[in-house]
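For reference, the structure is listed below as structure tokens.
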Amino acid sequence: MSERSRLGRAGALVLIALAALLPPLTLLLRAAADEWRSPALLPQRFGTRGVEEAFADASLAGEAIRNSLVVGVIVTLLALVIAWPAARVIGERRLRRPGPVWVLLGLPLLVPPFATGSGLAEWFIRIGIADTLAGLVVAHLVPVLPYVVLILASGFGPDVRDLEEAASVNGAGPLRRLGLVTLPALAPVLAVAALLGFLVSWSQYGLSLAVGGGVPMLPLLLVRRSPPCSAWSSSPRP
Amino acid sequence: MGASPGGAVVLRGVDLEIPTGGRLALVGPSGAGKTTLLRVIAGLEPSATGRVEAGGRPLDGLPPHRRPIAMVFQEPRLLPNLDAAENVAFALRAAGVGRRERRARADALLAEVGLDGLGRRGVRGMSGGEQQRIALARALCPDPGLLLLDEPMASVDPDRREGLRRLILRLQAERRVTTLIVTHDRDEAAEMGEAIALMIEGRVVQCDTPRNLFLRPQTPAAARFFGTRNILGGEVVDGVLATEAGPVPAPGPDGPARLAIRAEGIVLDPEGPLEMTVREAVFTGSVLRVRLARGDMRLEARLPPDPSPSPGDAVRVAVAPGAVWRFPDDDAVPAPGPGVLHP
Amino acid sequence: MRTLLALAPALLVVLVLWGAGLVGAVRSSLGVSRLTGWSAADLDAYRALADDPVFWESLWFTLRITVIATALSLVVAVALAAVLRRSGVVARLLASVPVPMPHLVAAVLGVLWLGPGGIADRLLGGLPVDLVRDPAGIGIVLVYVYKEAPFLALLVLAAWGPAVAAREEAAAVLGARPLQRLRWVVWPAIRAPLLTGAAVVAAFVIGAFEVPLAIGPTSPQTLSELALSATREASLDGRATASAVLVIASVLAVSVAALAAAGLRRRHE
């Protein structure tokens, strides 16, 4: 590698690090700043006003965080269980024609969640789960489940199968096989699938707005309480 | 030259020269730095010190695509999205040659490597042997000034290797392309190289004709690599080295010496001067490999299959004088010379 | 049979929930409600949209943002992957920081950095153009590139592994220059995941409104923003209009993906 291209690469890496770390850092600074007027690059006065304001209506903020957590965790667990058999079949390539399955799993990821959500809302009102946590869990399954299936499928394959066969030849029953062989072998993929599933639910905005506009959820609260466009103005007191 | 990819010094003081149109085999145990040397020559690996020249033109600092060098790797490394002919003609495509001429030259080369008429086929479904033939045709296509072959037989079925070896030899002879072939197999090195460079731990320890490397390796390490394990040390007196088992004839002047004995030069002989015990006798297909011992002295012999001695037998053996040679003294080891084809 | 049984739970949940959502959206876009029943179905909402210049402006704006944001993300992603594939775990982790970040957070960051009086403004002592609330939607595009380029780069990296590097070396020794290697060796290997990822990104940009809501102009609005404002009118007409806009956005998103899939298949044969 020539000296110039090495320099270029080092520069690119510095740029990546700055782009990755600086923006989240400004968010922290902004939260911790009581006064940060232009043109200063750093806040003039630090304080807890921002945090205090965020939790001024402590019960609402707390509830929103709790709701988002509960929905995210339940949806992720549900999705993992429902996805498991399908992911195994797809991952082991036991399908002769996987095309339709991919399309079916892909479509919910393509169609805008706000569209799916506003359609679902109609039915949810009828069966009485609109604006409830249960309704939110059911609705969040639409974007979360396909992701979880696709990621989990990448973990299954001939390797896991060989391990399981070895275990069963050595006398391990189905339960012990699952606990001692399959789950440990899949642990990394399982973790990624769970993390991604949770994040998809955690940051879901349009879908939650459509089917559960009345339930305080973190992303909804974020927009309602302090619209991002006002990030620089101190938030208006009610 | 020297090279130190990833911080570890892999090559030191390597000095090789191949005459134009010649064929040098680079052989050595795995991890000796053979592949690294090829990659340095091709420009795929930086070399800390040292020079690479082709026809008097220095290549150092040139990126791989600016060097008049082609390479066949251990694996075929074909492009799966192109058909066989486009793979063969890849260098022409990179040079901007038009599609029709590319096709014509690729088809001719495919015929030469025995894949006549397969130009339009995809390469994905082909066997390892076929793919490696395409890789060979692809490397020859731009008429490179130097052809590097990095264990080209490695990804080919054992029963197809002979065919590929002969193909390489025939094409090399026809085109007189200067060739450097890497292998870890000493027999293959003898077959493929007009000269052999033996590389151990990043150094070329000997560069010589195949005959000399097999029959007269110049260091114990070289002797061991080329199959001679019988290495003795001691004081030569009156042309004889006294051992626990008896006297061994030693060439050269009297004094301290290290000797090697070819296994083929040891014979069972009831009149022989050495008394030893058979430790092991294994029939290996064509010869009987017999391990002999007496005290700390060990010898390995290759004997005709019959008669077969049994472990525990006490035997007398003789050493043919022509099978014994003497390593140069440690401080008198001549620097390994450049690869000379006709010494 | 057993494979079908194994697929059933996941596929049924997706099919039923997503299908119900879609049917519900189409139904309400046709003006059907519980009170009126299917007999009242009509295309009034769509007709009204077709006559509304605001809708056409919004459609054009959405498409423009989608194409530009996706194309820019693709280019940045390939460059990013080219740097990252020779880098260690730390660099890869750093580069993937924006991937799990919610779009809303990325949008807030966009305002903090790019807005009037924002960090960029202070650093440079004044920005030459408005990036936040600008009618051209530059801020939206920038936020999307920041969010999606690392995501696409990760997809590219997964396909740009040692096997491709080995072929790149072979091509280099045969005289292929760096750009030729990118075109003939790397591109065929990363094309499928890159286009698939691009389709997902484009579909998301068409359908999401967090980012345009936060950093985009008040007018023109993207299709989803338009639907949101229509919902807030809270009349039956508003509902139908909102649903119609969303159905159109859905068709657009699926068409983009179908286009990508067709492109992939064509080159495969």
For chain C, built as a Gaussian network whose Cα springs stay under 10 Å, the top-fluctuating residue of C:Ala153, C:Ala214, C:Ala50: C:Ala50
Accessible surface of the stretch C:55-115, 1.4 Å probe, proportion on carbon and sulfur as whole %: 81 percent
Calculated SAXS-style log₁₀ I(q)/I(0) at q = 0.09, 0.16, 0.24 Å⁻¹ - the stretch B:236-336, Debye, Cα scatterers: -0.25, -0.70, -1.28
Highest-fluctuation residue, A:Ala210, A:Ala20, A:Ala194 considered, GNM on chain A with Cα pairs under 10 Å: A:Ala20
5 Å-binned pair-distance histogram of the stretch B:290-333 (Cα, whole percent): 5, 13, 24, 20, 15, 10, 6, 5, 2
B versus C: buried accessible surface, summed, Å² (probe 1.4 Å, to nearest 100): 1700 Å²
Accessible area in square angstrom per residue, the stretch B:220-327, 1.4 angstrom probe: 48 Å²
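Could you tell me the calculated FRET efficiency between A:Ser168 and C:Ala8, based on Cβ-Cβ distance and R0 = 25 angstrom, to the nearest 0.05? Don't skip to the answer; put the middle values down first.
Numbers: r = 25 Å, r/R0 = 1.00.
The computed FRET efficiency comes out at 0.50.
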Share of alpha-carbon pairs per 10 Å distance bin for the stretch B:12-81, given as whole %: 16, 50, 30, 5, 0
Residue order for B:Asp83, C:Asp42, B:Asp296 - accessible surface, 1.4 angstrom probe, largest first: B:Asp296, C:Asp42, B:Asp83
Using alpha-carbon coordinates, inclination of helix B:99-112 to the longest axis of chain B, degrees: 30 degrees
³J(HN,Hα), Karplus 6.51/-1.76/1.60, whole Hz, each residue of the stretch C:121-130, x for Gly, Pro: 4, 5, 5, 8, x, x, 8, x, 10, 6
Kirkwood Rh (inverse of mean 1/r, distinct Cα pairs), chain A, angstrom: 21.5 Å
Rounded to the nearest 10 Å², the accessible area of A:Phe156 at probe 1.4 Å: 10 Å²
Alpha carbon convex hull of the stretch C:1-127, projected area averaged over orientations, nm²: 15.8 nm²
P(r), alpha carbons of the stretch C:130-180 - 5 Å bins starting at zero, rounded %: 5, 17, 13, 12, 12, 11, 10, 9, 7, 4, 0
Distance-filtered residues of the stretch C:217-260 - backbone nitrogen under 14 Å, label point 7 angstrom along C:Leu72 Cα→Cβ: C:217
Scaled radius of gyration (Cα, divided by 2.2 N^0.38 Å) that the stretch C:54-268 gives: 1.16
Carbon/sulfur fraction of accessible area - the stretch B:78-233, other protein chains in place, 1.4 Å, %: 45 percent
Rg and Dmax [Cα atoms of the protein assembly as shown; Å; Rg one decimal, Dmax integer]: 36.6, 123
Between 0 and 90°, nearest 10: helix C:103-114 axis offset from chain C longest Cα axis: 70 degrees
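Would you work out the charge dipole size for the stretch C:11-125 about its Cα centre, treating the Cβ of every Lys and Arg as +1 and the Cβ of every Asp and Glu as -1, and quote it to the nearest 20 debye? Don't jump to the answer; show the numbers that get you there.
Numbers: 8 positive and 6 negative charges, 135 e Å.
Dipole size: approximately 640 debye.
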Kirkwood Rh in Å, taken over all unlike Cα pairs in the stretch B:126-180: 11.5 Å
Nearest 10 degrees, 0 to 90: helix C:53-84 Cα axis against chain C principal axis: 20 degrees
Dipole magnitude (debye, nearest 20) for the stretch B:198-343, charges at Cβ of Lys, Arg, Asp, Glu: 500 debye
Surface accessible to a 1.4 Å probe, per residue, for the residues of chain A, Å²: 51 Å²
In the A-C interface, the accessible area buried, summed over both sides, Å² (probe 1.4 Å): 5800 Å²
Hull volume in cubic angstrom per residue (convex hull over the Cα atoms of chain B): 162 Å³
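Evaluate the relative contact order of chain B (contact order divided by residue number), counting alpha-carbon pairs under 8 angstrom at least 6 apart; express in whole percent.
On the way: 712 pairs, mean separation 62.6, N = 343.
Relative contact order comes out at 18 percent.
Helix-only mean residue ellipticity at 222 nm, chain A, DSSP H runs n ≥ 4 weighted -39,500 (n - 2.57), per residue, nearest 500. What is it?
On the way: 11 runs with 171 residues, N = 238.
Rounded to the nearest 500, it is -23500 deg cm²/dmol.
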Max mean-square fluctuation residue, GNM over chain C, Cα-Cα springs under 10 Å, options C:Thr231, C:Thr70, C:Thr36: C:Thr36
Reduction of at least 20 Å² in accessible surface, 1.4 Å probe, comparing all protein chains with the chain by itself, residues of the stretch A:179-206: A:Leu199, A:Ser203, A:Tyr205
Rounded accessible area of B:Val156 (nearest 10 Å², 1.4 Å probe): 10 Å²
At 1.567 mPa s and 4 °C, Stokes D of the stretch B:49-185 from Kirkwood alpha-carbon radius, µm² per second: 84 µm²/s
For peptides B:157-164, C:192-199, sequence by mean Cβ density within 10 Å, most packed first: C:192-199, B:157-164
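So, R0 is 30 Å and r is the distance between the beta-carbons of B:Glu264 and B:Ser155; what FRET efficiency does that work out to, to 0.05?
Values: r = 33 Å, r/R0 = 1.11.
So, using R0 = 30 Å, E works out to roughly 0.35.
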Whole-percent carbon and sulfur share, accessible surface of chain A, 1.4 Å: 68 percent
Minimum 10 Å² accessible area buried by the other protein chains, the stretch A:59-99 residues, probe 1.4 Å, relative to alone: A:Ile82, A:Pro85, A:Ala86, A:Val89, A:Arg94, A:Leu95
Label-to-label distance, nm, for residues given as C:Glu57 and B:Ser286 (7 Å Cα→Cβ offset): 9.0 nm
Residue-averaged beta-carbon neighbours from other chains (10 angstrom radius) around B:68-81: 4
Shielding by partners, peptide A:24-36 (average Cβ within 10 angstrom, other chains): 2
Base-10 log of normalised Debye intensity for the stretch C:204-269 (one unit scatterer per alpha-carbon) at q = 0.14, 0.18 Å⁻¹: -0.51, -0.70
Expected 222 nm ellipticity per residue - DSSP helices of 4 or more, -39500 (n - 2.57), all of chain C, to 500: -24500 deg cm²/dmol
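The values are calculated or read from the model by the stated rules, or taken from the named source; none is laboratory data. As the structure is a prediction and not an experimental result, all values here were calculated from the model. Here Cβ is always computed from backbone atoms with ideal geometry, including for glycine, and neighbour counts include all displayed protein chains. We work out accessible area using only protein heavy atoms, side chains counted, and drop any ligands, DNA or RNA first. Shrake-Rupley method; radii C 1.70, N 1.55, O 1.52, S 1.80 Å.
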